[in-house]
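One structure below.
The values are calculated or read from the model by the stated rules, or taken from the named source; none is laboratory data. Computed from a predicted model, the values in this text were never measured in an experiment. Here the Cβ positions follow ideal geometry from the backbone for every residue, glycine too, while neighbour counts run over all protein chains shown.
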């Protein structure tokens with residue numbers, strides 16, 4: 001087993017746990033209350049992001065200069081995705097949670113995950129390979145900051161969530177295939 005395979009097993013466990021958290025959290029929420037469309041959009045964003053980043057980790061398979069700091073950073077990067085899933089659907093058996101506080105935590109974690117994703121690209125030395133990558137990440141982060149700080153009307157908040165989901169799908173399935181890099 002080489003370094004990549006060793007790390008891939010561990011990161012797959014972390015990504016798998018994150019995916020389990022979103023799916024089980026969504027099902028739990030269905031039993032407790034009807035799921036609102038903003039939470040559904042964020043769940044779809046997180047699931048899409050998990051799958052895309054889990055798949056994208058394969059780009060590390062040819063990496064040869066493994067160090068503990070690279071390993072530790074990639075664990076932090078994967079853990080940020082788990083934190084994203086957990087902040088969207090926290091384990092709150094029998095506990096009441098403040099939904100506005102929960103969304104604030106989710107948005108902060110999401111901004112952190114975006115920053116770590118960009119740093120992962122920098123570490124892999126291909127962050128500039130696809131010209132639209134940084135503008136996509138930057139505008140998502142700005143939208144999340146706006147949602148976090150401005151507390152816009154509910155329709156705007158839902159619109160931001162659905163917009164990020166649709167652009168993430170377009171980025172994942174169209175732009176990454178058609179653009180160089």
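Tabulated data for the structure shown
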| quantity | calculated |
| --- | --- |
| Checking residue 66 against (1) part of a helix (DSSP H, G or I); (2) within 21 Å of residue 9 (Cβ to Cβ); (3) in contact with a helix residue (DSSP H, G or I) (Cβ under 7 Å, 6 or more places away or on another chain), the condition it does not meet | (1) |
| Exclusive hit being out of contact with any strand residue (DSSP E or B) (no Cβ under 9 Å at 6 or more places or on another chain), within 24 Å of residue 166 (Cβ to Cβ), in a helix (DSSP H, G or I) and in contact (Cβ under 8 Å) with a residue 40 or more places away in the chain, set 73, 82, 106, 4 | 106 |
| Contacts under 7 angstrom Cβ, first residue in segment 149-163 being closer than 16 Å to residue 139 by Cβ, partner buried (at least 17 other Cβ atoms within 10 Å of the Cβ), 6 or more apart | 160/143; 160/147; 161/38; 161/41; 161/42; 161/45; 162/41 |
| Check on residue 130, in contact (Cβ under 8 Å) with a residue 12 or more places away in the chain, surrounded by 15 or more Cβ atoms within 10 Å (Cβ to Cβ), in contact with a helix residue (DSSP H, G or I) (Cβ under 8 Å, 6 or more places away or on another chain) and not in a helix (DSSP H, G or I) | yes |
| Of all residues in segment 21-34 being surrounded by fewer than 14 Cβ atoms within 10 Å (Cβ to Cβ) and without any contact (Cβ under 8 Å) to a residue 60 or more places away in the chain, the one that is nearest to residue 78 (Cα to Cα) | 27 |
| Filter result for residue 51 (part of a helix (DSSP H, G or I), under 10 Å from the mean Cα position of the chain (by Cα) and at pLDDT 95 or above) | no |
| Tally of residues being buried (at least 18 other Cβ atoms within 10 Å of the Cβ) and either modelled with pLDDT of 95 or more or out of contact with any helix residue (DSSP H, G or I) (no Cβ under 7 Å at 6 or more places or on another chain) (or both) across segment 87-104 | 1 |
| Those residues of segment 52-64 which are touching a residue at least 24 places away in the same chain (Cβ under 8 Å) and either surrounded by 15 or more Cβ atoms within 10 Å (Cβ to Cβ) or farther than 20 Å from residue 125 by Cβ (or both), in sequence order | 52, 53, 54, 57, 60, 63 |
